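Report on the structure given below.
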Amino acid sequence: MTEEPHRNATRRADADAGQALWQSCLEQLAQDLPVQQFNTWIRPIVAQVSADFSRITLYVANRFTLDWVRAQYAGRIAALLQNLQGDQPITLELALAQRAPAVRRAAPAPPAAAAPTNPAHAGAAVAEAALPPPVASEDSARAVLRNRLNAALTFDTLIEGTANRMARAAALHVASMPGQHYNPLFIYGGVGLGKTHLMNAVGNRLLADRPEARVLYIHAEQFVSDVVKAYQRKTFEDFKDRYHSLDLLLIDDVQFFANKDRTQEEFFNAFEALLAKKSHIVMTSDTYPKGLADIHARLVSRFDSGLTVAMEPPELEMRVAILINKARAEGTEMAEEVAFFVAKNVRSNVRELEGALRKVMAYARFNRKEISIQLAREALRDLLSIQNRQISVDNIQKTVADFYKIKMADMYSKKRPASIARPRQIAMYLAKELTQKSLPEIGELFGGRDHTTVLHAVRKIGAERQQVTELNQQLHVLEQTLKG
Ligand SMILES: Nc1ncnc2c1ncn2[C@@H]1O[C@H](COP(=O)(O)OP(=O)(O)OP(=O)(O)O)[C@@H](O)[C@H]1O
């Protein structure tokens, strides 16, 4: 045998062994996953195994599938491959199909990208190949439409609590029966409370159930820019085709439409067209529809014509659950007492909670220490000192008194008219929410009142906040002012 055919034969044998490895993995996945999931996401994958078995590249058809497979299955696939492969470390890479070489050729592996190792993946690493520009080989309009959803933001990763219960239930309903009830669904709340996450979860769930559905997630600013482009390039027909043909439109932060008359008009047209064909619209905003400034009245009334739900700042137990879950997703177990400590000190929103968690984990890694309350205290030193400096009961009393135009002295007085008693109850509620003080301590600072009086105020305002939009808005404003 000359050298060349011999080399070719060796390559073929390697390639066959590589495919056998992937085949075994596929068989296992077929057993583990529901048939529909396996057929939709796993079966179409083309795998390429490097000659030394150190790297497996999975080629998928488009960016959306890539994100989805990475978020939902990459960890499981990597762990399975590692199991089949034994001790030798293996790196899993995801790439778009247009880069795939013919499957059965044992081409050399692409240059190794630095692959971040995820401890949750049983020693195997998952990397994403450098991606070429958007897929040209398939229904490109659809691929672009789907690309904007973030596949990692699903109902499974969204922790439920009192703060988001209603919004989550409504979103789940929309995802399972789009176009029927709650159309449009209008979700509002402060920054970092999970509005974008929830909205993406609706899109991801619908696409998992109906992969052919035309779903678009878009930020309102992007919509504005699309309108401008359609004007400049005189491509309104394309614009209309794009927006009016959707099954589900998810549009984030509609407060950005303020003062943009032409955009509002185009959005109104899209809105009417979509509703007429029973497509669903989900919107988010930082305020409830009637609180929106500089948006045409006819649009505001359309926004409010389905279901409007608020997302509230997460309560303590929810913050604890979020921390424990997010830490676990990063391969770290966080003790409940530590999670309580962090959650008590970071109250404003989930994004800040995530930031605090990242700090604590990085601090533990750098210092090679276990995560404990003491370590969390050190890691969050700056944040804690800013908070302690800014939010005192005294500060809360002053701010609330100013806001409701009563005297500071009325916070401690025994006077009972509603115009004074109510702001006082609101201040007590905020003192409990925003400081570490106990009920008796708060009572003391409000003119020596009993702790049951404080508890009554905290419960009453907390419950009313869920029901009365105006009070909720006022509390948001006060909270933002106090947090600086
Ligand atoms: N209930 C939750 N469970 C798990 N993660 C959450 C939850 N709520 C929010 N998050 C996470 O918090 C971060 C901020 O959420 P998101 O971006 O959805 O907030 P938002 O309300 O859209 O904020 P903004 O108005 O600033 O865009 C995201 O990483 C999101 O995944």
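The eigenvalues of the Cα gyration tensor, multiplied by 5 and square-rooted, give segment 33-92 an equivalent ellipsoid with semi-axes of 21, 13, 10 Å from largest to smallest. For segment 438-454, putting each phi into the Karplus relation 6.51 cos²θ - 1.76 cosθ + 1.60 with θ = phi - 60° gives couplings of 7, 4, x, 5, 5, x, 4, 6, 9, x, x, 7, 6, 5, 5, 5, 5 Hz, in residue order, rounded to whole numbers and with x for Gly and Pro. Quick one: how many Å² of VAL300 are accessible to a 1.4 Å probe, rounded to 10? About 20 Å², rounded to the nearest 10.
Scattering from segment 399-484 was approximated by placing one identical point on each alpha carbon and applying the Debye formula without solvent; log10 I(q)/I(0) at 0.12, 0.25, 0.26 1/Å stands at -0.31, -1.44, -1.52. The distance from the alpha carbon centre of segment 15-91 to that of segment 432-455 is 57 Å, rounded to a whole number.
Averaging 1/r across all pairs of distinct Cα atoms in segment 273-368 and inverting the result yields a Kirkwood radius of 16.4 Å. Packing here is the average count of other Cβ atoms within 10 Å per residue, and on that basis the peptides 347-357, 229-239, highest first, run 347-357, 229-239.
When the residues PHE340, PHE267 are ordered by accessible surface, computed with a 1.4 Å probe over the protein chains alone, the sequence from largest down reads PHE340, PHE267. Annotation for HIS451 and ARG351: the two label points, set 7 Å from Cα along the Cα-Cβ direction, are 3.7 nm apart.
Rounded to two decimal places and with Rh computed the Kirkwood way over Cα pairs, what is Rg over Rh for segment 142-237? Taking Rg over the Kirkwood Rh, I get 1.01. Charge tally around ASP294: other residues with Cβ under 11 Å, Lys/Arg +1 each, Asp/Glu -1 each, net 0. Heavy-atom accessible surface of segment 423-464, averaged per residue, reaches 44 Å², computed with a 1.4 Å probe. Extending 7 Å from Cα along the Cβ direction at ASP261 and again at LYS398 yields two label points whose distance is 4.5 nm. What lysines could a cross-link reach from LYS234, if we take a straight Cα to Cα line under 23 Å and drop same-chain neighbours fewer than 8 places away? Within the straight-line limit of under 23 Å, LYS234 reaches these lysines: LYS260.
One equal scatterer on each Cα of segment 206-327, no solvent, Debye formula: the resulting log10 I(q)/I(0) at q = 0.12, 0.20, 0.22, 0.23 Å⁻¹ is -0.53, -1.15, -1.30, -1.37.
Pairs spanning more than 18 Å between alpha-carbon atoms, out of LYS240/LYS290; LYS290/LYS460; LYS326/LYS359; LYS398/LYS483; LYS398/LYS432: LYS240/LYS290; LYS290/LYS460. Extension gain for SER438-ASP382 works out to 17.8 nm (0.36 nm per residue, less the C-alpha to C-alpha distance). Placing ASP156, ASP241 in order of accessible area, with the largest value first and a 1.4 Å probe, yields ASP156, ASP241.
Annotation: ASP247 carries an accessible surface of approximately 50 Å², with a 1.4 Å probe and no ligand, DNA or RNA atoms counted.
The alpha carbons of segment 255-300 occupy a box of 29, 21, 15 Å along the principal axes, longest dimension given first. Counting every C-alpha pair in segment 327-366, the share spaced more than 12 angstrom apart comes to 60%.
Accessible-area rank, largest first, for PHE341, PHE366: PHE366, PHE341, with all protein chains present and a 1.4 angstrom probe. In this structure the amide hydrogen of LEU149, modeled in the peptide plane, comes within under 5 Å of the amide hydrogens of TYR217, none closer than 5 places in sequence on its chain. THR162 contributes about 70 Å² of solvent-accessible surface, heavy atoms of the protein only, 1.4 Å probe.
The values are calculated or read from the model by the stated rules, or taken from the named source; none is laboratory data. Because the structure is a prediction, the values reported are computed rather than measured. Heads up, the Cβs are rebuilt from the backbone with ideal geometry, glycines too, and the neighbour counts pull from every protein chain shown. What goes into the accessible areas is simple: the full protein's heavy atoms, side chains included, and nothing from ligands, DNA or RNA. Shrake-Rupley method; radii C 1.70, N 1.55, O 1.52, S 1.80 Å.
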